[in-house]
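Reviewing the structure listed below.
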Amino acid sequence: EPEVTQTPSHQVTQMGQEVILRCVPISNHLYFYWYRQILGQKVEFLVSFYNNEISEKSEIFDDQFSVERPDGSNFTLKIRSTKLEDSAMYFCASSEPGLVDTQYFGPGTRLTVL
Amino acid sequence: AQSVAQPEDQVNVAEGNPLTVKCTYSVSGNPYLFWYVQYPNRGLQFLLKYITGDNLVKGSYGFEAEFNKSQTSFHLKKPSALVSDSALYFCAVSPPATGRRALTFGSGTRLQVQP
């Protein structure tokens, strides 16, 4: 069964550094998403991406964040200058185009900002 | 704004007994509702969804959920729990018929099935 994959599984970085989290969505999916889960809190939506542009973003997704689909398979989330409060589990998801498509999630990348 | 509430942080049930994990929602219009399960060190796995039609939705691993519009609830159920069902369960809602796709999640309920 096709799966969403994410690398790395765990990323440790210093405050102020840039990080790039990578995701390979399911191959025939056209919508891509990033969510995050701060330890002990709810899963929160960050951004959705379709047809090479952001289709929706939350208040969390400020100018420090960016997304890109650099090639036909990868989908990346970049945090330009990490803060302590960016420490979280980041989940990538993808879905087929449809009015109520099911989002399939990857295993997550745990980001620790020191 | 839409929201999801999962009133129980943890549900304990004995193996073989029926289980219910509760979820209530608040949204304008007809909701699209989802259940996901998270096992340790794994991502969120899709269990089932309600879009329209029959209020009882059947999903993976023998789970089902009942949509109740008057009570704004979407409780997850299983007739006979297994130890392997022990995990973290999330209810989620997406905006109805707006073209937006962001899922709003509940806080999660930890299900513990005792042998």
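The values are calculated or read from the model by the stated rules, or taken from the named source; none is laboratory data. Quantities reported herein were computed from a predicted structural model and do not represent experimental measurements. A quick note on method: Cβ atoms are made from the backbone with ideal geometry, for glycine too, and the neighbour counts reach across all protein chains shown. Areas reflect the complete protein model, heavy atoms only, side chains present, ligands, DNA and RNA absent. Shrake-Rupley method; radii C 1.70, N 1.55, O 1.52, S 1.80 Å.
Cβ under 14 Å from A:SER81's Cβ, A:SER81 left aside: what net charge do those residues give with Lys, Arg +1 and Asp, Glu -1? Present the calculation step by step, with values, prior to reporting the outcome.
Details: positive: A:LYS78, A:ARG80, A:LYS83; negative: A:GLU18, A:ASP62, A:ASP63, A:GLU85, A:ASP86.
Charge balance in the 14 Å sphere: -2.
Scan chain A and report its longest stretch carrying no GluC sites (Glu not before Pro) that are both in a DSSP loop and have at most 11 other Cβ atoms within 10 Å. Let's see the in-between values first.
On the way: sites that count: A:GLU18, A:GLU59.
After excluding every exposed loop site, the longest remaining stretch is A:60-114.
Tell me whether region B:66-105 comes out rounded, prolate or oblate; compute the Cα gyration tensor, take square roots of the eigenvalues as a ≥ b ≥ c, and use a/c under 1.5 as the rounded threshold.
Working: a/c = 3.81, a/b = 1.71, b/c = 2.23.
Because a/c hits 1.5 or more and a/b fails to exceed b/c, region B:66-105 counts as oblate.
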Out of the trypsin sites (Lys or Arg not before Pro) in region B:3-90, which ones are loop residues according to DSSP with at most 14 other C-beta atoms within 10 Å?
B:ARG42, B:LYS69
Delta accessible area of at least 40 Å² on complex formation, residues of region A:74-114, 1.4 Å probe, chain isolated as reference:
A:LEU99, A:VAL100, A:THR102, A:GLN103, A:PHE105
Give me the dipole magnitude in Debye, nearest 20, for chain A about the Cα centre, with unit charges on the beta carbon: positive for Lys and Arg, negative for Asp and Glu.
320
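Relative to the Cα centre, what is the charge dipole magnitude of region B:3-114, using +1 at the beta carbon of each Lys and Arg, -1 at the beta carbon of each Asp and Glu, and rounding to the nearest 20 debye? Could the numbers behind the result be given before it?
Values: 10 positive and 7 negative charges, 68 e Å.
It comes to approximately 320 debye.
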How large a share of the accessible area of chain B, in percent, is made up of carbon and sulfur atoms when the probe is 1.4 Å and the other protein chains stay in place?
48
Mean other chain Cβ within 10 Å across A:56-65 is 1
Express the accessible area of chain B per residue in Å², computed with a 1.4 Å probe while the remaining protein chains stay in the model.
47
Pairs of lysine residues in the protein assembly as shown - Cα separation under 27 Å, sequence separation of 8 or more or cross-chain
26
So if I take the centroid of the Cα atoms in region B:41-87 and the same for region A:100-114, what is the distance between those two points in Å?
21
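Please give the charge dipole size of the protein assembly as shown, origin at the Cα centre, charges +1 on K and R Cβ atoms and -1 on D and E Cβ atoms. Round to the nearest 20 debye. Mind dumping the intermediate values first?
On the way: 19 positive and 22 negative charges, 44 e Å.
Its charge dipole is roughly 220 debye.
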Using only alpha carbon pairs under 8 Å that are at least six residues apart, calculate the relative contact order of chain B and give it in whole percent.
37
GNM on chain A, C-alpha springs below 10 Å: top fluctuator among A:THR13, A:THR102, A:THR82?
A:THR102
